[in-house]
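Structure, as structure tokens:
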Amino acid sequence: MKEFLTLGIETSCDETSVAVVKDGREVLSNIIYSQIDIHKKFGGVVPEVASRKHVEIISLIMKEAIDKANVLLDDINLIAATYGPGLVGALLVGLSFAKGLSFSTKKPFIGVNHIEGHICANYIEHKDLEPPFLCLVVSGGHTHLVYVKGYDSYEILGKTRDDAAGEAFDKIARALDLGYPGGPLIDRLAKEGNESAIDFPRAYLEEDSFDFSFSGLKSAVLNYLNKMKMQGIEVKKEDVAASFQKSVVEVLSNKTIWAAKEINVNKIALAGGVAANSRLRKELEILSKKNGLKFYYPSNILCTDNAAMIASSGYFSYKSGRQSQLSLNAFPNLKIGERL
């Protein structure tokens, strides 16, 4: 069978990425240009700055991806690009670029849901992984428990009712003066701390709910820091980081295992930026083994926003019979499984 090449384009936030992926699972190139150093001084992503940087760099990134894959644009069979969720200005850059390419080369085009892309990163990392399975998606903007019924079929079992896990990590990192992005910094600092030093709350919500809530935990940490400051007591940042992280990880892990049992699947996967958290991986690995479940997660480079996962998701959606019109617009609040 002739190989099928997908060109993926990702510009949903502050990474400009273009990739070439063969048959949905083999990465020939995955070029990522990160703007972290640009946005670090602002303490977070500035949407207008991110959009302008995407415009400046995207043509060069595409050329590099094509060259590194050692293919020609003519060899590409499908063009896939993120159309949501994300920052609307940033999304429009990659989406417009992809549609222009599709029009000029007469190649089919498909819009990809960014979060579904994160899930599909597991297909690249684990060639044997096939649906159905349960996936915990944890990132700066999303915390979802998703039942992956098929390569293009998703059901949300639970989601955050307020802050996403990654958002909570960033806010606590800022409160501890650690810098941006917060997730990796807290993960690193927590290794030096005592995770049992402070008993922060765990929000499990209603007994039968697979939803999450992290705003109460965030408030509890901020209240603790304010109390210590008012009393003139020095804060052990490493203990705060470790105790906070433990609280987040326990809720995420326990709910994932409970949901897997509820829907009777024997495979669970992790996806999104927070999937790179070492404590979360370790906890899910232990609980999966204890409960007879197979556990999958992507390597760190595939946890971050990247175009390889977008190409993979686009490939499987296209093979399922979907294709997008060139009139497709960006949808910053696109939901998992939503088809526009």
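The values are calculated or read from the model by the stated rules, or taken from the named source; none is laboratory data. These numbers were taken from a predicted model, which means no experiment stands behind them. Please note: Cβ atoms are built from the backbone with ideal geometry, for glycine as well, and neighbour counts cover all protein chains shown.
Just a few scattered comments:
- When restricted to residues that are in contact with a strand residue (DSSP E or B) (Cβ under 6 Å, 6 or more places away or on another chain) and crowded, with 24+ Cβ neighbours inside 10 Å, region 135-147 contains 7.
- Listed by position, the strands (runs of 3 or more DSSP E) inside region 115-162 whose residues that are within 15 Å of TYR297 (Cβ to Cβ) number at least 2 are 133-138, 143-150.
- The one condition in (1) in the same structural domain as LYS99 (by TED's automatic domain parsing); (2) at pLDDT below 95; (3) not aromatic (Phe, Trp, Tyr) that ARG339 fails to fulfil: (1)
- Selection within region 286-322 - polar (S, T, N, Q), within 22 Å of ILE336 (Cα to Cα) and over 15 Å from the mean Cα position of the chain (by Cα): SER317, SER320
- Answer from VAL45, VAL21, VAL93, VAL27 - the residue that is touching a Cys at 6+ places or on another chain (Cβ under 9 Å) and either surrounded by 18 or more Cβ atoms within 10 Å (Cβ to Cβ) or without any contact (Cβ under 8 Å) to a residue 24 or more places away in the chain (or both): VAL45
- Breaking point among (1) touching a residue at least 60 places away in the same chain (Cβ under 8 Å); (2) over 26 Å from ARG174 (Cα atoms), for THR143: (2)
- Residue identified as touching a residue at least 24 places away in the same chain (Cβ under 8 Å), under 15 Å from LEU157 (Cα atoms) and not assigned by TED's automatic domain parsing to the domain that holds MET309 among ALA242, ALA269, ALA203, ALA276: ALA269
- Subset of region 303-340 (residues that are hydroxyl-bearing (Ser, Thr, Tyr) and either within 30 Å of LEU280 (Cα to Cα) or crowded, with 24+ Cβ neighbours inside 10 Å (or both)): THR304, SER312, SER313, TYR315, SER317, SER324
- Remark: pairs (first residue in region 247-259, touching a residue at least 12 places away in the same chain (Cβ under 8 Å) and surrounded by 19 or more Cβ atoms within 10 Å (Cβ to Cβ); second residue assigned to a helix (DSSP H, G or I) and not hydrophobic (A, V, I, L, M, F, W, C); Cβ separation under 7 Å; 6+ apart in sequence or on different chains) = VAL249/ARG279; VAL249/GLU283; SER253/GLU283.
- Residues of region 185-202 that are farther than 13 Å from LYS237 by Cα and either of a type in the set (Val, Ile, Thr) or surrounded by fewer than 17 Cβ atoms within 10 Å (Cβ to Cβ) (or both): SER196, ASP199, PRO201, ARG202.
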